[in-house]
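Data block below; observations after.
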Amino acid sequence: MLLNTPPMGWNSWNTFGAEISDELIRQTARTMKEKGYLDAGYRYIVIDDCWSLKERDSQGRLVPDPAKFPHGMKALADYVHGLGFRFGMYSCAGVQTCAGYPASFDHEFIDAQTFADWGVDYLKYDFCNFPSSADGKNRYATMSMALKATGRDILFAACNWGTDAPWMWMKSLGVHMYRSTGDIQDNYKSFTDIAHSQLDHFCMSGANCFNDIDMLTVGMYGKGNVALGQACNDAEYQTQFALWCMLGAPLMVGGDVRNMAPFAEQLLLNKGLLRINQDTEGRPPQCVYRGRVIHIEYDPVDGWWHEYPDAGLTLFKHLSDHEFGVGYFNFAPKSGEIPFIFADAGLPYGSGAALHLTDAVTGEDLGVHRDYYHQNLEGHACRVLLARLVKL
Ligand code: GAL
């Protein structure tokens, strides 16, 4: 299976948890087709945990819960395929899934064959209830071989939450994407912590094996299965999506596409950001500035000068066709300036070349610049530009 760009799709877990059904998946697929998600590249529709009965059948096979999936999985896969999508399902390397359903430990080959028989194109493979005497790496290798033994092209999405530095070994096991972090929650701290924890690892992410920093919470606004604390606002969701795009992470929508707010829907379908995420060269960004103190301010209420270290991030990503993505992020709670001096990304003032900048989100033409282009950003906000080299 050849996978040149980060996988894109939708996953049931973030919003629906155990509340999944045949009808939900069909409605989601229809909506994603109607609203342009499929055309934008969101191709995989994935059912997460809680889809099966608690017992296997007499031949040891997993059984879809008939109350949730009365037509079985093959019929649902056919329907999803008929609309042009690929169909994803979920199991776990342990003896039970995280929600307590039967999982694939010691059943890898029979389960992989069952998924292939149903027409599954994507398997998310979790790590709960894993026997302490067993070897986790070996069991991901086993499921990888089991999927290949079916003869079907199945994207293998390993989800061991970053245990044992998966960026060092998942690629050699035939895995197509690996979850490198714990579960995302629908708040600002959760997704910024997750992204920061992986900044140094994206150099090992790329074609055929992508670092997966979990499903998006864009557009959830505190509803659903992963709400905790203060939900994000629009600017924060834009920061989440921009980070995932600049890093080249898989884009799995976790919100309810049937009821997506217009801002969130436009963000998820934004052509400029998706162009950066899906660039065929698949390069990680340079961290031009990271953790620079960008904001020092006197607060008359407490009488202190406040500094926000670790608050700014400037990313610069080489794209195909002589283009570049530039991401400015202000992680401070207050407004501040995020710098970008071109020489720090390899383009000194006297080079004879300059950057023609456009806003990646709005398409606004920002003109030609040869030295620097800084951004004043509100707290928690970001801006992403597309840059093209021009000769002076
Ligand atoms: C977690 C996993 C989540 C979700 C959940 C289902 O381990 O990280 O993404 O799949 O299990 O129970």
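Any read-out appearing in this document is the output of simple, stated calculations on the displayed coordinates, not a laboratory observation. From a predicted model like this one, the values you see are computed outputs, not experimental measurements. A quick note on method: Cβ atoms are made from the backbone with ideal geometry, for glycine too, and the neighbour counts reach across all protein chains shown.
Here are a few things to note about the model shown:
- Tally of residues being within 14 Å of Gly84 (Cβ to Cβ) and part of a strand (DSSP E or B) across region 30-51: 2
- Qualifying residues in region 1-29 (those that are assigned to a loop (DSSP other than H, G, I, E, B) and of a type in the set (A, V, I, L, M, F, W, C)) - the one farthest from the ligand (Cβ to nearest atom): Leu2
- Any hit, region 151-167, residues being within 16 Å of the ligand (Cβ to nearest atom), surrounded by 15 or more Cβ atoms within 10 Å (Cβ to Cβ) and within 18 Å of Ser21 (Cβ to Cβ): no
- Residues (within 16 Å of the ligand (Cβ to nearest atom) and under 14 Å from Gly291 (Cα atoms)) located in region 180-198: Asp193, Ser197
- Search result, residues across region 68-78 that are in a loop (DSSP other than H, G, I, E, B), surrounded by fewer than 20 Cβ atoms within 10 Å (Cβ to Cβ) and more than 16 Å from the ligand (Cβ to nearest atom): Pro70, His71
- The condition (being surrounded by fewer than 22 Cβ atoms within 10 Å (Cβ to Cβ), in contact with a strand residue (DSSP E or B) (Cβ under 7 Å, 6 or more places away or on another chain) and not basic (Lys, Arg)) is satisfied by just one residue among Asp65, Asp57: Asp65.
- Thr97 buried (at least 24 other Cβ atoms within 10 Å of the Cβ) and among the β-branched types (Val, Ile, Thr): no
- Hey, Leu62 in contact with a Lys or Arg (Cβ under 8 Å, 6 or more places away or on another chain) and in a loop (DSSP other than H, G, I, E, B) or not: yes
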